[in-house]
1. Do we find a residue being in contact with a Lys or Arg (Cβ under 6 Å, 6 or more places away or on another chain), within 30 Å of H222 (Cβ to Cβ), of a type in the set (A, V, I, L, M) and at pLDDT 90 or above anywhere in the stretch 353-363?
2. Name the residue that is nearest to I65 (Cα to Cα), counting only residues in the stretch 636-681 that are of a type in the set (K, R) and in a helix (DSSP H, G or I).
3. Counting only residues that are on the phi > 0 side of the Ramachandran plot and touching a residue at least 24 places away in the same chain (Cβ under 8 Å), how many does the stretch 1051-1084 have?
4. Can you spot a residue in the stretch 264-283 that is without any contact (Cβ under 8 Å) to a residue 40 or more places away in the chain, out of contact with any strand residue (DSSP E or B) (no Cβ under 9 Å at 6 or more places or on another chain) and either under 19 Å from I245 (Cβ atoms) or open to solvent by less than 60 Å² (accessible area, probe 1.4 Å) (or both)?
5. Out of A546, A496, A509, which single residue is surrounded by 14 or more Cβ atoms within 10 Å (Cβ to Cβ) and at pLDDT below 75?
6. May I ask you to say which residue of S253, S322 is over 21 Å from I145 (Cβ atoms), modelled with pLDDT of 85 or more, polar (S, T, N, Q) and open to solvent by less than 30 Å² (accessible area, probe 1.4 Å)?
7. Across the stretch 758-784, which residue is nearest to A987 (Cα to Cα) among those that are modelled with pLDDT of 90 or more and buried (at least 20 other Cβ atoms within 10 Å of the Cβ)?
8. Taking the stretch 822-845, which residues are under 33 Å from the mean Cα position of the chain (by Cα) and not charged (D, E, K, R)?
Amino acid sequence: MVLASVEKIVGLQKKTSGIRNICILAHVDHGKTTLADCLISSNGIISSRLAGKLRYLDSREDEQIRGITMKSSAISLHFVKGDQEYLINLIDSPGHVDFSSEVSTAVRLCDGSIIVVDAVEGVCPQTQAVLRQAWLENIRPVLVINKIDRLIVELKLTPQEAYLHLKNILEQINAVTGALFTSKVLEERAEKETESESISDTSPGEQIYDWSTGLEDTDDSHLYFSPEHGNVVFASAIDGWGFGIEHFAKLYSQKIGIKPAVLLKTLWGDYYLNTKAKKIMKGDQSKGKKPLFVQLVLDNIWSLYEAVMKRDKEKIEKIVTSLGLKIGARESRHTDPKVQLNAICSQWLPISDAVLSMVCNKIPSPLDITAERVEKLMCVGARTFDSLPPETQELKSAFMKCSSEGPVIVFVSKMFPVDSKALPQNKPRPLTQEEIAHRRELAKKRHAEKLAASQGKELPEEPPSENSSEGTGKTDDTKGEEQQLTGQGDSMTSKAVKQEPENKESFIAFARVFSGVAKRGQKIFVLGPKYDPAESLHKLSAQCCATDDLPVVPHMTCCTLENLYLLMGRELEDLEEVPAGNVLGIGGLQDFVLKSATLSTSPACPPFTPLNFEATPIVRVAVEPKHPSEMPQLVRGMKLLNQADPCVQVLIQETGEHVLVTAGEVHLQRCLDDLKERFAKVQISVSAPIIPFRETITRPPKVDMVNEEIGKQQKVAVIHQTKEDQNKIPEGVQVDSDGLVTISTPNKQATLSVRAMPLPEEVTRLLEENSDLIRTMEQLNTSLNEDKKTHEINQKTLDRIKEFKEKLEKNLQGRRWRNAVDQIWSFGPRKCGPNILLYNFEGYKKSVWQCLGNTVKEVSKYRDFDNSIVSGFQLATLSGPMCEEPLMGVCFTVEKWEINKIGDTLSSSRQDSGERDATEHQNEDNTLASSCTNEGHSVNEHQERNQSGTESPEKISKQKGELLIADCYGPFSGQLIATMKEACRYALQAKPQRLMAAMYTCEIMATAEVLGRVYAVLSKREGRVLQEEMKEGTDVFIIKAVLPVAESFGFADEIRKRTSGLASPQLVFSHWEIISSDPFWVPTTEEEYLHFGEKADSENQARKYMNAVRKRKGLYVEEKIVEHAEKQRTLSRNK
């Protein structure tokens, strides 16, 4: 097939029904990029001989070196099927878990996906992850089972065994899809049940739930992969062949004389051919017959491989002539049998035809976008489609029609950097005839001058021109010299013209047009993720456009589409306009879009739902330039890196460090390389990875370190641990035996009693999973307190909050947690974390469940200062006492809060001033700063009122004196914040403290001979094996383990080295786990001394981690610097 011209592709872009937007998804090393190569070679962009070796879409140098894809890149292909012409926008995506954010950006722009599965390895963890991502975005998947040649060459399976193996893989994949589908159906059914319950008031005894009925009624036949449905292709991309069973059904229908439709249904499954009766019968297994698929398909492929591998020339010739193929002399004489195989197979069963025709048949065009997907894209957060403004709902039809008349709606899924030299407008253009003639004249003239100068003729010397150095060729062959000169002149002019963007990075938006026609130079709105069309439509008319003079609307700016590009892998082509349904690159958005955005000409368009990323960034490093003077370049470079990578986070910590947060080691390495070589272009030094920990408390242990019951053993008074414990707590802080801490503010006007308790694990997990919901509750409560009715509370959100509350009540049961859920005062840190603050004292009522309708307007002495208590709790949970890391799974209960006289007067004065000053309204969720300013405000007003002489002089002096006491320690609210923070920290120290480490789940595929080495590396790094199972039909074991993030650096490299590359791990962040050892433990009983020695030399893991974090943060670390100082180690032992 010939290379399609840009004009041809532009023509095809206008026919929406013939467009297919697809991405290739798979586990790492399952053959995505090789498959992409085969499809690209069908368009003549690369040679078919190089397909699989070139890896055309891996354009980065480190991708080629490592042999893995690290970014998603797109290319447009032209495919002709019968009389139909198709334009296929193909996006290749990475399979490595560190780059799963790139998969999310690719999936959003597509209507379908090709799932590639290795025939030997089968379904791997990342295969399940990409299937889930495709499912969440509502795009239709088709399946390619790749590397079937490995079943023949490596595993040496018989065709019958291979058939059973393939059948098994299909079942595994369908099981994953089935699980996703089941959960969705049950969810919908549950929603319907709750709706019908609210409508019908039947007694609970009348309804019988049968959850499976929903599943039985729903049609799921289109979901599953099955060869007879035409959504499965069997292939070997490296050998260039692939087929769907319809190919063989057509072929054999003529030979055997059975209708193609019948063959299509029976070629896959338990059917066999009765040759005498020329009938297809069922039940091959029971009768010991070969299944049709084995007999008609696999046997042929196996015999071809056998003939080529054994160099059986006669058989090869026979096969080639019977198939009617032509094999070149070079291929047939080649020493490598794979070359010959590729030549035969790629003609007999071309993989590009099989895959692309499956794509065209099974994957919907942009016109067939489902209403469900459109609604999902348009509804951000908890909003439902019906709650959007009517102008916005009208846009749904523009989406569905992909009409060119409608408003332009474009979604940008990521920004990617391109070297400015690679942009079409900066490429050196070929010279015209006139320019070449002009250059030739100049060269001749210069040559003549040189000759004259060398012969000593007195010619007036010209100043040496820019190009004079080029004419150094002393050859008499002027023709060659002219060519050399013109070539060099060409490059010189192009350099001169474009000197400035030489080392600049240009950012191009990776986008898709969902509606309308995007034109170059068009003005368009950029809508941020928090943009709300309901609010802006009050200010703007729905018909206004980006060229008008408009009032300022939050989260919305205007920009111009400067350049539109056709993405062709490593190349870019200029376009004038792009109609709906196409994938494109947009230049000139780098100042307007950070990572992703929605562009539209209509202000009624809502921002699309944010992309859902599978991997959470967890690996942090601090970076700084080697030369401090280069700091500005580093800061600029980090800004560019942040824009170029969808998953990376760039922060400046309180310490002033510049921190990169990445998804894993490989991702970190790529980000650092980019920073050094592309964006900052300075030498940087990188800190050791900053490992996050969490602090928590546990119940007091029942046994000590040598499993003796605590309390039974007599203590050995060598280390006075009790004294140390007393020293920790300063004067003025009382600690009860059960851990209740009582503390007063510095001016002794308020007293707090706080107790800390560990939360049950299920509750901590529940709080973590629902952090977004808690944040939403916080926003709703704030708007209720300010009496704002900005947006009507959505019923769905309320149901989710109710359900969350019920789950909390279910998990917090027992005497200690009585009424705890109703007494929740706040969550923390940052008001949405996995810690809880409860109030348990008389005379105060406030609830985080206000949004559920049980609002309590509190009028009491505590009302004005309750923010201070909450702020103190937030600060305490943000940095714990062990090593200033956030807390997790802790519940603080305020059991007593007494405010003395001064507090009352302050509080009453605030109430008076509030009544007099209408502008100041009481807001229960006021921030720390505003509570302080209000404090000063009320004190001043109090004094003014005192000066007006309405009260007796004695009272005035008394109150003034009291106010001075408050002032000398700073504002009263500030004192409360500090006191609450201290109380929480002491309450925490009164209980057994523990560190929590971040854990990875680790999946390792390894053969039996290297299992021992894998286990050795895991145990050395504190890993814990959860399960080990053998993959059916192979000698590969799958090991599932958990591994602390702190121990994971260099883990993948070490495993590869120790196993000679036979095992490779996939690390994904999983959960937080308590480290069982106590960081403050010292031996106290006799048994512990005998077992651990006086200094407890055996490494205390928790203490090691804690001290490392404290050192990094510059906190005090308690450790001996010199040991055995009195012993002179040089003396011999026997003296």
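1. yes
2. R670
3. Within the stretch 1051-1084, residues that are on the phi > 0 side of the Ramachandran plot and touching a residue at least 24 places away in the same chain (Cβ under 8 Å) number 1.
4. yes
5. None of the other options fit; the residue is A546.
6. S253
7. L759
8. I824, W825, S826, F827, G828, P829, C832, G833, P834, N835, I836, L837
The values are calculated or read from the model by the stated rules, or taken from the named source; none is laboratory data. Source: prediction; values computed, not measured. For neighbour counting, all protein chains shown are included, and Cβ atoms are generated from backbone atoms with ideal geometry for every residue, glycine included. Each accessible area value is taken on the protein alone, full model and side chains, heavy atoms only, with ligands, DNA and RNA left out. Shrake-Rupley method; radii C 1.70, N 1.55, O 1.52, S 1.80 Å.
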